[in-house]
Amino acid sequence: SSSSSRLLLFDSIVQRFLSALLEAGSYQRFVQCYQRFYKFQPEMTQNIYDQFVTHLQTSIKDEIEDIKQEGNLEKLFDSLDKLEEEARERTGPAWRPSGVPEEDLRSTLLPYYLQQKEFLQKRLQERETKNARLAQVVLTGREKIAAMQQEIKERREAWQALSKAQMELVRSVVEP
Amino acid sequence: MSVDPMMYEAQFFGFTPQTCILRIYLACQDYLCEVMLVVEKVMMKKLESFPNCDISPFQIRESTEKCLLFLKERFNVLFCKMEQMLLKLVLSVPQNVLLPKDKVHEQYPCTKEEFEFLQKETEQLQQRCKAEAYAREALLAELEEQKQVQAELEKILQWFDGLDNVFREHGNSSLKESFAFMVQNARKLQDVKNEIELKSKKLKL
Amino acid sequence: LDEVIVDTATKREHFPRKILGEVVKAMKIERE
């Protein structure tokens, strides 16, 4: 049943295989193959057969345990059971690698690109705000310089007018 | 028959299910042969203690081969069934299961166009950030320059103020007036001078 | 075939992370 865990399934499938194999290799079949020896030593034959069965079963079971250890199957089966349990609601087939690495890589990179975009947008906004303030200061500075230059221009012209008047006066005084 | 590489399973298990099955097959097959040889050896050993027994080692060997052949046939049929069940029920990742590492594909599905658009957007944002950075440099540079220019202009204005102060210190409210006052005085002097010249001419006559 | 399958599966397992590491590094440098 699908509810039983993969490990149980694995063990029971292997056990059934073993039982079926030993069923096929029944004592009758064994005796049939070793007819002469059986006639010569029936008890011995039974004994050898029993050891044959025990030895075969033990060896194969031990080997299966080794393979489970080697492949870390118990843990893997367990986590696959959990994944299957979690995916119970999902009816349709889940994503699978497309076979085109660039394609599959996109989804891996997408969240980071989105993060980068968000970061840049925020950074840009900060920069634009700061620069707007800075530009305002620069504009104010420019206006101030223009005003200072204007004032200097006016005062210089006043002096120039004065010195012109002075020249005329001197001229009028000197040349009467 | 196309071979299902069971790639996704290989990604999960770290080996292909077929490898696992093959490993079990070879192990079981080896043991089967091994045990049969042990059976044969035990029987041979037993016969040695009965020298006048009419069963020859060759016959025992024949029986072993017959038994092994039969068992192997059954073994392969049964193993084939087991393989299918294991591959189907145990060693396969169900279609609706997504491995944890691949969750990102579920959360962020995206087409090539979408991805390229996002990349372009990011690059544009990058360029605009750079432009803003350069603008900031330029603005700061101009601010620095403005400071120097203002300092220079300030000096000139102070110089003009200094001039005005000179006049103010001598009782004139502004340069213009003091100049007008001077012009007035100059003109008075001029009149006085002209008068004096006139009188001196009369005296001479 | 088996080795190729395992090799491909392994690459699918590790390479995205490696590439991602490089991409994140590049993004960090861009930020700086």
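Key figures
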{"read-out": "Distance in nm between pseudo-label sites at B:W159 and B:E113 (7 Å out along the Cβ direction from Cα)", "value": "6.9"}
{"read-out": "Inter-chain shielding of B:156-167 (mean C-beta neighbours from other protein chains, 10 Å cut-off)", "value": "2"}
{"read-out": "³J(HN,Hα), Karplus 6.51/-1.76/1.60, whole Hz, each residue of the stretch B:195-202, x for Gly, Pro", "value": "4, 4, 4, 4, 4, 5, 5, 4"}
{"read-out": "Relative packing of peptides A:8-18, A:96-106 - highest average C-beta neighbours within 10 Å first", "value": "A:8-18, A:96-106"}
{"read-out": "Residue-averaged 222 nm ellipticity for chain B, from DSSP H runs of 4+ at -39500 (n - 2.57), nearest 500", "value": "-28000 deg cm²/dmol"}
{"read-out": "Fraction of alpha-carbon pairs over 16 Å apart in the stretch B:110-151 - percent", "value": "57"}
{"read-out": "Relative contact order for chain A, counting Cα pairs under 8 Å that sit 6 or more residues apart, in percent", "value": "21"}
{"read-out": "Test item: A:95-103 mean partner chain Cβ contacts at 10 Å", "value": "5"}
{"read-out": "Calculated FRET efficiency for the pair B:E137/A:D78, C-beta based, R₀ 60 Å, to 0.05", "value": "0.50"}
{"read-out": "HN-Hα J in Hz across the stretch A:57-70 - Karplus 6.51, -1.76, 1.60, θ = phi - 60°, x for Gly and Pro", "value": "4, 4, 4, 5, 5, 4, 5, 4, 4, 4, 5, 4, 4, 4"}
{"read-out": "Stokes-Einstein D in µm²/s, Kirkwood radius over Cα pairs - the protein assembly as shown at 25 °C with 0.890 mPa s viscosity", "value": "76"}
{"read-out": "Shielding by partners, peptide C:2-13 (average Cβ within 10 angstrom, other chains)", "value": "6"}
{"read-out": "Cα centroid of the stretch A:74-115 to Cα centroid of the stretch A:20-37, whole Å", "value": "50"}
{"read-out": "Debye-sum result for chain B in log10 I(q)/I(0), which assumes one identical scatterer on each alpha carbon, at q = 0.15, 0.16, 0.18 Å⁻¹", "value": "-1.11, -1.16, -1.24"}
{"read-out": "Spacing of the two label points (7 Å from each Cα toward its C-beta) at B:N76 and A:Q28, in nm", "value": "2.5"}
{"read-out": "Efficiency of FRET from Cβ geometry, A:Y112 and B:N96, R₀ 22 Å, rounded to 0.05", "value": "0.20"}
{"read-out": "No Cys partner within the rule (Cβ under 4.7 Å), chain B", "value": "B:C20, B:C28, B:C33, B:C53, B:C80, B:C110, B:C129"}
{"read-out": "Paired Rg and Dmax values of chain A, which use every Cα atom, in angstrom", "value": "49.7, 172"}
{"read-out": "In nm, spacing of pseudo-spin labels at B:L26 and B:Q150 (7 Å Cα→C-beta vector)", "value": "8.5"}
{"read-out": "Long-range HN-HN contacts of A:R90 with modeled amide H, under 5 Å", "value": "none"}
{"read-out": "Using θ = phi - 60° and Karplus 6.51 cos²θ - 1.76 cosθ + 1.60, couplings along the stretch B:80-85 (whole Hz; Gly, Pro as x)", "value": "4, 4, 4, 4, 4, 5"}
{"read-out": "Residues whose placed amide H lies under 5 Å from that of B:V97, excluding near-sequence neighbours", "value": "A:A94"}
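Bear in mind that the values in this text are calculations on the coordinates, not laboratory data. Since this is a predicted model, take the numbers as computed values, not measurements. FYI the Cβ positions are ideal-geometry reconstructions off the backbone, even for glycines, and counts take in every protein chain you see.
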